[in-house]
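Undergrad: So that we are looking at the same thing, I have put the structure below in structure tokens.
Any read-out appearing in this document is the output of simple, stated calculations on the displayed coordinates, not a laboratory observation. These figures come from a predicted structure and were not determined experimentally. We place every Cβ from the backbone using ideal geometry, glycine too, and count neighbours over all the protein chains shown.
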Amino acid sequence: MKCSHVVLAFLGGAVVGGALGILFAPQSGKETREDIRDFVEDEIGQAKKFVNKNVTKAKKAVARGRRVVEKEIAGAKTAVRHEIDALTR
């Protein structure tokens, strides 16, 4: 529990410090809002790239998995047919 209080205190301090930094920045509110908007747009762009990259990787992994499963199913069907043929002879 003590560690979680320290983490919460740190995060709270970071938020308060960030807010105070914005409030007391030596630039106009308009410039600050533009800086924040630019930062958010950059972060959203990075997040979209990350998501797209990982969606592509996931789709490739699913396709590989599907091929492996289909191959194993085909092999199992063949083995069952051979067993059935052997039993009916």
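Undergrad: How much FRET efficiency would the formula 1/(1 + (r/R0)^6) give for LYS49 and LYS77, where r is the Cβ-Cβ distance and R0 is 41 Å, rounded to 0.05? List each step's numbers first, then the result.
TA: On the way: r = 42 Å, r/R0 = 1.03.
For LYS49 and LYS77, the calculated efficiency is 0.45.
Undergrad: Roughly how tilted is helix 2-23, in degrees to the nearest 10 and between 0 and 90, from the longest Cα axis of the chain?
TA: Tilt relative to the chain: about 50 degrees.
Undergrad: So, how do all the Cα-to-Cα distances of the range 1-67 break down into 5 Å bins, in percent, from 0 on up?
TA: Spelled out bin by bin, the range 1-67 gives 3, 14, 10, 12, 11, 12, 13, 10, 8, 4, 2, 1 percent.
Undergrad: About the Cα centre of the chain, what is the dipole size in debye to 20, counting +1 per Lys and Arg Cβ and -1 per Asp and Glu Cβ, all else neutral?
TA: Roughly 720 debye for the chain.
Undergrad: So for the range 2-88, taking the charge dipole from beta-carbon charges (+1 Lys/Arg, -1 Asp/Glu), which of ALA86, PHE10, VAL62 sits furthest toward the positive end?
TA: Farthest towards the positive end: ALA86.
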